[in-house]
Each structure stands twice: as C-alpha cells, then as structure tokens.
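S.K.: Got a structure here, written out as structure tokens. Questions coming.
The values are calculated or read from the model by the stated rules, or taken from the named source; none is laboratory data. This structure is a prediction, so every number in the text was calculated from the model and none was measured. Here Cβ is always computed from backbone atoms with ideal geometry, including for glycine, and neighbour counts include all displayed protein chains.
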Amino acid sequence: MDLLRLRRRELERRTKELPAEVAEWKTLAETDLDSNLHWSQMEAIADLIAAFSSRYDTLLGNLPSENDQSLYESGLYDILMAIGSAQRAWDFFRRKFDQRRSDRFRKRLRAADIIAIDCYDAAIGAAKAKGWIAAEDVREPPLTYLSPELSAMTWARGTRPNDGQSEELAGSTLPIPVVEVPYDQTANVWEFLSICHEVGHEIDADLKLLSAIKTNLSKAFEGTALPQPRQRRWLGWASEIFPDLLALHFSGPAFAYMLRNILILPPNQVMQIIPGDAHPNHYIRVMLCTQYIRTMGAASPDATFRSALEQHADALEADWKPLYEDSAALNDYLADIPLVIAGVMDSAIPAMEGATLRSLVEYSKEHEDAITKGATSLRQLNSQFGIAPRHAVSVVRIAINDAIVNNSLDKEIDALSTNAIQLLEHNAPKGKRSINDPLASSPSARKSRIDRFVSQELSRSLQQ
Ligand SMILES: [Zn+2]
C-alpha cells in the first residue's frame, strides 16, 4: 500500500538526518583548529550516534511485509522511538556544541574547556602513568557548557549530586563528562577556577575514589571522641571535600581566593549546617581550604615556599573571619579539620596502590613561583608566556589580589580579563587528541561504554 510505503520512506529519511548532522560537526572538529580540542569528544559522540543508528537501521531492515499491517505499524513505531532516543541523546550535546557558534561565548567557553582539559589531564595523566587507571577506563575530557545558574558550585546543591551529570540524563552514565558554568560567570575568567572543583568530581568518578575516601575518613575518626552525628555529617560531605582539596593541587591557593569570594553570602547561608547537604557549610569550606593550604608545603625543604603558602592562608582567613564573626557554634567542626584532612588526603587509597590523594597531583614551589611571576607579567599586559592552563587561571586571580593591594583594581580589571583569555589561548593544547595520545580513550572501551548507554536509553524509551 502506497500510504505505508510512504510512511516507511518518511521515517527512513528521518534516520539519515542525525548521522549527517554529526558528521558535519565531526568534520568541523577536524578541520577547524580551535575545534581540534573537541576531537576525542566528537569521536565518542559519533560512535554514540552510530550505535543508535545501527539500532534503527536494523529495525528498518527487519520491518515486516506491509501486508502484515499491525506488525508493520508496530515496527514503524519502534523505529520512531529509536529515532527519538537518538535525537534526545545527541541534543544533550548539540546544545552544548551550538553554544560554541556564538560570537559572544565562543572564546570564553574555549577558555573554560582549556582549563577543564588541563585539570583532567593532570590527574588522569598521573594516575595512568602510575597504573592507577586502566587504559580502557580513561574517558574523554569533560566538555564545558553554559547554563543560567548562579554559580557552578554554590547553588547546585542537592539537585545535582554529581556535577558531571545533567538532570535530563540522570541515571545514565554519560559517554562524555560535562561541566556546567553560568553564562554570566564567563565575564570573570578567574571564576573559572570553579571548574577545577567540578573536574574533581570527574576524577572521583573515573578513579572510583569515594568509597575509599569514606572508609579512610571513618578510620581516621576511630578511637577519637568525635560524636557519631558529627562523624556522619563529615562522611556526608566527603564527596565535596575531595574536589575542593584537589582543586588546590590543580591551581594552588588561587582556587581558595575564588571560592572565598563566591561564598560571600548572608550569614544564615554561610554559617548554617543544612542537614542532607553534600557540601560542608560555606564557612567550613573556606576554613578547610586555608588549613589545607598550610599543609601543602609541609614536605618541601624550601622555607620560602612554606612561608608563601602560610601567607596565602593568613590572607584568606584575615579577610574571611571578620565577615562572619559569630563562628563559635562551628568550633567543634573547625577543630575536626586536621583529622578530616588526614582521613581524606593522607590515607592510603587501595586503588592507588596505597598512595595518598595528596600525592595525585603536585602543586610545587615551581608552580607557585610561576604563578606569582605570571601575575606580574599579566599586569604588564604580557599574555604570551608559557604556563599550564590550570595555573594560567590562577595567574589572573593572583594578579587581581596584587591590583587590589596596589589600589588599582578598577583601572586594571578589564585588561586583566582580556589578557587572561589570551594567556589561556596561548597555552591551549594544540592538535587533536588521537589514538596515539596516552590520554586518549581506547576505541574499544569507548564503544562498549557507548553501547551500554545506548541500550539503556533504548530500553527506557521502549518502556515508556
Ligand atoms: Zn561539587
């Protein structure tokens, strides 16, 4: 019957749309130098779409004869559902890639990507070199995207327990991790330091750290007088403590300066402990960071490095404490901090052959010196020096501190912002991440991860 044949033809034409669209993006990721950054992500997405389309191509191929009308109609329905699932999965990424077409956001989003990839590579590169992550478990680096939120970390509380997942795809293991940044936060490049925390969640997920962190924290509490409810609270915060402390390893004290500033909120929001919140309250978060900074130079033989870190911690506390003077109710928690640091960062992680999380990514005297020197250069409008992107974003935050001391922030802030984007661009990874790259995901592992994702999505849509 012509009507049924036409319907089949219509659906067939629709099945061709998605692979064609993704192929265009893939070509762009290959030919446009700026888009090279996204090559491995685009390869994964192309695999994703190929897995979806092979499902509906099979359904199309197996469509019964149109003489069997009811079977034919239900076959058409299954094809339609499979197209819908594929479109929804791709749309999750399409909207994120489309943001890169905007003249307003392209450069800033690229800066965010550059930082996210560098943080991810610093941790996963170290873990891979030491055999703490198997080649097949290495994933594509996170893709950043913009969202109308207030802050990447302050307000997403409770709603997105893992910042690498979107609510739309909740419950599914995304083939590519994603990191969300508020649209308007891109006006302040230094606030991209929040990406370091978000990538910390990806590292936690990829190295499967959380249960070991919680076990270690419980062990640290054993034999102490810490009451059970307080122990439970710290354990409930563990998934957010590690990303903050790892971010200090990625980018140094600059991360804490950024965090402290975005957490300046009314006292009831800063000082209150909210039951069920995955984050320690804001006051405790900042104090955790400052106390951790004091420990970061402990193993260094260099007294100037140790004292530079002490000075950062002093400066962070000196400006923070007077904002919230009534902190007596939190004294017990503040006194627990050394124990918490020992449990989370200084205990043996079995999956890391007994190494500690403190040893995962080094923040060294050389890094601190390069950031300090870089801040001076950036204030002199030099944005063409070499420095790791995760440190380049610290350079601008420290330059801002220096401009404040110099009483010239208003005069300098716009130029610092523009030059920071240029500095990140200057230090962007060049070329495509390809199979030979030690940090590329292995094609077979990627395919099996994606096949799992696709079968989950399809079984879900067929159940609806
Ligand atoms: Zn978080």
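Table: residues versus (1) modelled with pLDDT of 90 or more; (2) basic (Lys, Arg); (3) within 30 Å of Glu353 (Cα to Cα).
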position	(1), (2), (3)
Phe93	no, no, no
Arg108	yes, yes, no
Cys119	yes, no, yes
Ala127	yes, no, yes
Lys130	yes, yes, yes
Leu143	no, no, yes
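S.K.: Still on this model: Checking the conditions here, which among Leu59, Leu63 is assigned to a helix (DSSP H, G or I), modelled with pLDDT of 90 or more and at negative phi? It would help to see each step written out before you state the result.
M.R.: Working: Leu63 fails: assigned to a helix (DSSP H, G or I).
Among Leu59, Leu63, only Leu59 is assigned to a helix (DSSP H, G or I), modelled with pLDDT of 90 or more and at negative phi.
S.K.: Something else: Kindly check whether there is at least one residue in segment 344-359 that is at pLDDT below 95, assigned by TED's automatic domain parsing to the domain that holds Asn401, in contact with a Leu (Cβ under 7 Å, 6 or more places away or on another chain) and assigned to a helix (DSSP H, G or I).
M.R.: Yes, that holds for at least one residue.
S.K.: Exactly one of (1) exposed (fewer than 14 other Cβ atoms within 10 Å of the Cβ); (2) touching a residue at least 24 places away in the same chain (Cβ under 8 Å) is unmet by Lys411. Its number?
M.R.: Of everything listed in (1) exposed (fewer than 14 other Cβ atoms within 10 Å of the Cβ); (2) touching a residue at least 24 places away in the same chain (Cβ under 8 Å), Lys411 misses just condition (2).
S.K.: If you go through segment 1-27 one residue at a time, how many are of a type outside the set (Ser, Thr, Tyr) and touching a residue at least 12 places away in the same chain (Cβ under 8 Å)? Break it down stepwise before answering.
M.R.: At the first step, the residues of segment 1-27 found to be of a type outside the set (Ser, Thr, Tyr) are 1-14, 16-26.
Keeping just the survivors that are touching a residue at least 12 places away in the same chain (Cβ under 8 Å) gives 1, 4-5, 7-8, 11-12, 14, 18-19, 21-23, 25-26.
The total comes to 15.
S.K.: Among the residues of segment 1-53, which ones are exposed (fewer than 12 other Cβ atoms within 10 Å of the Cβ) and within 25 Å of Asp98 (Cα to Cα)?
M.R.: Arg13, Lys16, Ala20, Glu24, Thr31, Leu33
S.K.: Another question, then. Consider segment 177-189. How many of its residues are more than 15 Å from the ligand (Cβ to nearest atom) and crowded, with 24+ Cβ neighbours inside 10 Å?
M.R.: 1
S.K.: If we keep just the residues of segment 285-325 that are out of contact with any helix residue (DSSP H, G or I) (no Cβ under 7 Å at 6 or more places or on another chain) and of a type in the set (D, E, K, R), which is farthest from the ligand (Cβ to nearest atom)?
M.R.: So in segment 285-325, the residues out of contact with any helix residue (DSSP H, G or I) (no Cβ under 7 Å at 6 or more places or on another chain) come out as 298-299, 301, 303-304, 306-307, 311, 314-315, 318-319, 321-323, 325.
Among the residues that remain, those that are also of a type in the set (D, E, K, R) are: 306, 314, 319, 321, 325.
Working: Arg306: 29, Asp314: 26, Asp319: 23, Lys321: 24, Glu325: 27 Å.
Ranking the qualifying residues of segment 285-325, first place goes to Arg306.
S.K.: Just need a number here: residues in segment 234-270 that are hydroxyl-bearing (Ser, Thr, Tyr) and either under 26 Å from Glu366 (Cα atoms) or crowded, with 24+ Cβ neighbours inside 10 Å (or both). Let's see the steps before the verdict.
M.R.: Step one: list which residues in segment 234-270 are hydroxyl-bearing (Ser, Thr, Tyr), which gives 239, 251, 257.
Next, only the ones that are either under 26 Å from Glu366 (Cα atoms) or crowded, with 24+ Cβ neighbours inside 10 Å (or both) stay: 251, 257.
Looking only at that region, the number is 2.
S.K.: Now, a different point. Among the helices (runs of 4 or more DSSP H) confined wholly to segment 193-284, which include 2 or more residues that are more than 14 Å from the ligand (Cβ to nearest atom) and closer than 20 Å to Met296 by Cα? Lay out the reasoning, then the answer.
M.R.: Values: elements: 194-207, 210-221, 228-251, 254-262, 267-271.
The helices (runs of 4 or more DSSP H) meeting that bar are 210-221, 228-251, 254-262.
S.K.: Conditions: (1) on the phi > 0 side of the Ramachandran plot; (2) free of Cβ contacts under 8 Å to residues at least 12 places away in the same chain. Val405 meets all but one. Number of the miss?
M.R.: (1)
S.K.: Ile293 passes all but one of (1) at pLDDT 95 or above; (2) closer than 11 Å to Trp320 by Cα; which number fails?
M.R.: Exception for Ile293: condition (2).
S.K.: Another question, if that's okay. Would you mind stating whether Arg104 is surrounded by fewer than 18 Cβ atoms within 10 Å (Cβ to Cβ), over 14 Å from the mean Cα position of the chain (by Cα) and part of a helix (DSSP H, G or I)?
M.R.: Details: surrounded by fewer than 18 Cβ atoms within 10 Å (Cβ to Cβ): yes; over 14 Å from the mean Cα position of the chain (by Cα): yes; part of a helix (DSSP H, G or I): no.
No.
S.K.: Does any residue of segment 151-168 turn out to be modelled with pLDDT of 85 or more, under 24 Å from Ala428 (Cα atoms), within 16 Å of the ligand (Cβ to nearest atom) and buried (at least 18 other Cβ atoms within 10 Å of the Cβ)? Can you show your working first?
M.R.: Going residue by residue through segment 151-168, those that are modelled with pLDDT of 85 or more are none.
No: segment 151-168 contains no residue that is modelled with pLDDT of 85 or more, under 24 Å from Ala428 (Cα atoms), within 16 Å of the ligand (Cβ to nearest atom) and buried (at least 18 other Cβ atoms within 10 Å of the Cβ).
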